[in-house]
Structures are given as structure tokens and as C-alpha cells.
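*Asks:* Below is a structure I'd like to ask you about.
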């Protein structure tokens, strides 16, 4: 074997290992989307809270929270496919500020109502699961209480937003989206490292 073959082989191996590590990292971050999405589809079921509690046993907090990220970063997007909203808003945490500022017009409701309701159900699933997961580095009873309080505000905001969209209360959409967005911002100020 000559030196050139060894170098090329070594580079190929390094590239393969790097690609595999990256794929595993992304898979880990995306690993919560499927179970959370399945739970979100059951958000109106009587067993929803219990199913979320059971699911929390097999999920970790960081990937669950990562679900708020834009679709391009492994989180939930808005709608089934990219392109429904601008790429820089195609994620829960990216879309909420826009929705809280601009609201939802009757003209946009036709294409956005169902995706926003689906987003709200995903937020409910994330919040219900997160009731059973909290940042271990902040485990004091005060922090746990704060975590649960903020989760409750997130649930109320998601339910209010879903209700406003469902009832075509377009003025209420802005207010409910603002409440939901504030719950995210307040949580980040306390718990995000």
C-alpha cells in the first residue's frame, strides 16, 4: 500500500465518522418529534395527560425542548411541509413572535388555521411531557414550582390560541399568541443555559 492510498483511506474514514456522528446528533435531536407529534394528535383525548406522563419516561428534556426550534434545525415546522411560512419563521419559537405581533387575518386563516391548531397541540404535548421533566441543574423545589407554573401558562396559552383560531376570533389570536410567546420568553429567562 502506498502513502497516497493510506491518506485517501484515512480521509474517507474520518469523513465517514464525522458524517455518522453528525447524523446521530441530528437523530437524537429529532428523536422526540415523532412521539410528541403522536401525542399532539391525541390532545383532545381524555387519556392525553396520562399518555404524556408515560411518554416522559422514554424522552429527555433537551430533545423535547429542541422541538420548538425551526424545521431546518430539527424542530417542528409550521404545517406539514416547508414553505407555508417564511423559512426564518418555520418553527414554533420562530413563528410565535410574528403571530403575536401581526395576528391572523381572515385571508390567511384558510391556509394557516389548521397548521396553527396543530402547532398548539404540539405545544400542549411538549408542555404535558415537560411537567415530568425539568432541568436537573435547577432542581430546587422553587425551580421545580417555577417550571411547572411556566408550563401551565404555556398550556393555557396554547389552548387559548387554538380556541381563538377555531372560533375565528382573529383579535383573540394576537392576544393568545402573545401569552404563549411570553411563556416561552419567561421560561428562557429562568431556565435556558
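*Asks:* Cut-off is 10 Å between beta-carbons; in what order do 67, 166 appear when sorted fewest neighbours first? Please list the in-between numbers first.
*Replies:* Numbers: 67 24, 166 13.
Fewest-to-most Cβ neighbours within 10 Å comes out as 166, 67.
*Asks:* Another question about this same structure. Bins of 5 Å, beginning at zero and ending with the bin holding the largest distance: percent of Cα pairs per bin for region 55-185, please.
*Replies:* 2, 11, 21, 24, 19, 12, 7, 3, 1, 0
*Asks:* Give the distance, in whole Å, between the Cα centre of region 27-103 and the Cα centre of region 142-193.
*Replies:* Measuring centre to centre over Cα atoms gives 14 Å.
Readers should treat all values here as calculations from the given coordinates under stated rules, not as data from a laboratory. Quantities reported herein were computed from a predicted structural model and do not represent experimental measurements. Heads up, the Cβs are rebuilt from the backbone with ideal geometry, glycines too, and the neighbour counts pull from every protein chain shown.
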